[in-house]
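What follows is a single structure, and I will ask about it in a moment.
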Amino acid sequence: MGPGLVHDLRLELLLQLLLAVVLGGAIGLERELSGKPAGLRTNILICTGATFFTVLSLHIAATRGDPARVAAQTLPAATLWVVAAIGMGLGSGAYVEAIGATLLVLVVLGGLRPVERLVALRSSRSHLTIHARPEATTVEDLEALVRASGLEVERTAFHRENVDLVVELELKGPRRLHDQALIACVHHPSVRSVSSGE
């Protein structure tokens with residue numbers, strides 16, 4: 001294989017990976033804006049990884065065997081797709097391609113931050129009113145549960161009402177996470193009831 005052909009193949013791979021970023025990102029952005037799971041980063045990683053796997057499978061098959069058998073050994077999870085594809089590249093001696101794919105993914109994921117901030121501006125707000133047993137760490141525990149679900153706690157207020165501690169949380173974040181936060185609070189051992197409002 002001459003140096004000109006190698007150069008052309010590397011340029012073609014770069015173009016394929018860039019297209020994977022654009023097309024996977026387009027689908028991911030639509031899902032982010034719709035508040036659906038598997039958003040921008042996930043779809044970019046899957047599409048990029050799948051592209052790299054396909055190219056590597058064909059490359060390996062040309063010298064060592066069946067591409068279907070190579071591809072069948074992959075794990076269909078976003079980051080694993082890319083990382084495993086890079087590992088395949090290293091294992092098959094495609095060092096330049098593996099390094100190039102790694103740099104491309106790092107640059108793209110770093111560049112997504114402004115887009116994610118823009119998506120965050122379209123995030124929704126909700127209000128949780130929680131009736132719980134008045135234990136020493138109840139408020140802190142509930143705030144931690146909500147933050148662990150990926151939402152921001154904008155305001156916390158609480159007061160006693162009969163035998164209950166009533167905690168009110170103002171939440172902000174992607175729409176799909178609000179239900180997760182509510183469910184997490186419902187399952188807290190101190191919580192008696194949870195109601196929500198946009």
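The values are calculated or read from the model by the stated rules, or taken from the named source; none is laboratory data. All of these numbers come straight from a predicted model, not from anything done at the bench. Don't worry about glycine lacking a Cβ; one is built from the backbone with ideal geometry, like all the others, and counts go over all protein chains shown. SASA here: full protein model, heavy atoms, side chains in, ligands and nucleic acids out. Shrake-Rupley method; radii C 1.70, N 1.55, O 1.52, S 1.80 Å.
Is it true that ARG160 is without any contact (Cβ under 8 Å) to a residue 40 or more places away in the chain, under 29 Å from the mean Cα position of the chain (by Cα) and open to solvent by 90 Å² or more (accessible area, probe 1.4 Å)?
Numbers: without any contact (Cβ under 8 Å) to a residue 40 or more places away in the chain: yes; under 29 Å from the mean Cα position of the chain (by Cα): no; open to solvent by 90 Å² or more (accessible area, probe 1.4 Å): yes.
Here the answer is no, as ARG160 does not meet what is asked.
Still on this model: Can you tell me which residue is surrounded by the fewest Cβ atoms within 10 Å (Cβ to Cβ) among those in the range 163-188 that are without any contact (Cβ under 8 Å) to a residue 40 or more places away in the chain and under 29 Å from the mean Cα position of the chain (by Cα)?
Restricting attention to the range 163-188, the residues satisfying the condition of being without any contact (Cβ under 8 Å) to a residue 40 or more places away in the chain are 163-167, 177, 179-180, 183-184, 186-187.
If we keep only those that are under 29 Å from the mean Cα position of the chain (by Cα) too, we end up with 177, 179-180, 183-184, 186-187.
Values: LEU177: 20, ASP179: 12, GLN180: 17, ILE183: 12, ALA184: 17, VAL186: 13, HIS187: 10.
Selected residue: HIS187.
OK, next. Can you find a residue that is modelled with pLDDT under 65, open to solvent by 30 Å² or more (accessible area, probe 1.4 Å) and part of a loop (DSSP other than H, G, I, E, B) anywhere in the range 45-67?
yes
Output the residue which, of all residues in the range 155-182 that are at pLDDT below 90 and assigned to a strand (DSSP E or B), is farthest from LEU29 (Cα to Cα).
Ranking the qualifying residues of the range 155-182, first place goes to LYS172.
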